[in-house]
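Quick note: the coordinates plus some simple rules give every number you see, no bench work behind them. Please read all numbers here as calculations on a predicted model, not as lab measurements. Neighbour counts run over all protein chains shown; Cβ positions are idealised from the backbone, glycine included.
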Amino acid sequence: MFDLIAQVLAFFYSLVPSYGVAIVLLTLAVMIVVTPLTLKSTRSMLQMQRLQPELKAIQTRYKDDRQKMNEELMAFYQENGINPLGGCLPLLVQLPVFLVLFRVVQGITRHATDAGLAGGWAAGSASSGRTDVVQLDDDDLVFDPENLPVESDMYQDLIETNEMNFLGMDLSKTALDVVGQDFLGALPYFALIVVVLVSSLVQQKQIRGRNTGAQINPQQEMIMRILPWMLPVFSFTMPAALVVYFVISNLYRIGQQGYITRSLYSGEDSLGAQARRSREEAQASDNAGGGRKQTGGRTTPKKGEPTPKRSDARAATKQKSSRGSGAGRTGKAPTRQRSGGRTTDPGSPQHKKRKR
């Protein structure tokens with residue numbers, strides 16, 4: 001995989017002999033190739049969200065029989081033509097591709113060590129058939145790129161220079177390295193980092209705008225807030241060649257997310273709208289079905305309901321006991337009469353004797 005992507009990078013350099021342009025073209029090519037996987041992953045995720053109420057009903061119906069529940073779920077998946085792993089499998093396939101791309105771009109910025117310097121010059125001279133190679137100072141180190149084909153133009157050019165110039169930058173240097181030597185010379189590096197930050201924030205806004213009203217795990221919410229700021233920080237200490245890769249991939253993803261929003265989320269009949277309605281119905285069902293819980297003879301209010309005051313609870317208890325202690329079928333309490341400073345019950349023996 002490393003050699004394949006490196007060969008593609010060398011091919012683009014042979015078309016346009018510019019290090020930066022070759023990195024841009026390679027990044028775009030890889031992003032275009034993995035775009036169908038991204039779209040498939042998004043559709044599968046929305047399909048699962050749209051059918052979530054039915055899936056939850058099956059899980060509730062067979063919660064005591066796991067084997068039966070799994071059988072019913074698999075039958076449901078087949079009936080609706082969905083893959084439960086369809087949302088994450090394409091992403092797992094894409095991850096190694098992007099890691100390889102990252103390593104290949106990083107590999108072309110590797111400088112030769114003092115021990116390998118002479119070997120690099122010898123290989124370059126022998127392969128090119130030239131003997132008039134200009135020697136560099138002892139402090140200058142030429143490149144020793146990884147994975148590139150030795151016979152490629154890009155490899156031959158790199159092993160004969162110690163700079164990778166593009167738009168006024170040396171793509172092999174980091175912003176941290178340059179700012180300590182020349183602040184004005186570091187401005188192009190800072191401009192790239194700003195583009196990385198802005199494009200990351202735009203992507204976050206696009207995704208959050210589609211997930212309005214959705215319940216997000218607090219940890220996931222925190223990661224989404226921090227991640228757009230982490231990449232620019234890393235870019236400050238990475239070679240500019242990798243920052244170019246970050247910029248192009250972010251800009252491509254902005255266009256990709258815009259296409260996904262228009263094709264899958266626009267309109268009331270879109271898959272995204274159906275998934276949102278199913279999600280809202282599930283949330284409403286959970287909120288309405290919770291009710292109040294009985295704990296130790298007390299009624300515990302549902303989350304969000306006011307807690308009854310102690311005086312109200314006592315009044316309700318007194319009212320209940322007064323209804324249950326009435327005499328006779330009418331439910332009326334017996335009338336008491338006051339006689340001689342005492343309160344007597346008309347039905348008591350003392351009252352009857354005194355009356356006679």
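Miscellaneous remarks
- Model label points for Ser18 and Arg61, set 7 angstrom from Cα along the Cα-to-Cβ axis, are 6.2 nm apart.
- Residues whose amide H lies under 5 Å from that of His111, counting only those 5 or more places away or on a different chain, are Asp144; hydrogens are built 1.01 Å from N in the peptide plane.
- Residue-normalised convex hull volume from the C-alpha trace of region 136-192: 105 Å³ per residue.
- Using the Cβ-Cβ distance between Leu184 and Trp229 with R0 set to 22 Å, the FRET efficiency works out to roughly 0.30.
- Relative intensity of region 147-248 on a log10 scale, I(q)/I(0) at q = 0.21 Å⁻¹, equals -1.03, per a Debye sum over C-alpha point scatterers of equal strength in the absence of solvent.
- Label point 7 Å beyond Cα of His111 along Cβ direction - residues of region 178-192 with amide nitrogen under 16 Å: 178-182
- Our coupling estimate for region 267-275, obtained by passing each phi through the Karplus curve with A = 6.51, B = -1.76, C = 1.60 and θ = phi - 60°, is x, 5, 9, 5, 5, x, 5, 5, 5 Hz, Gly and Pro reported as x.
- Between Ala284 and Asn83, full extension at 0.36 nm per residue minus the direct alpha carbon distance yields a gain of 69.7 nm.
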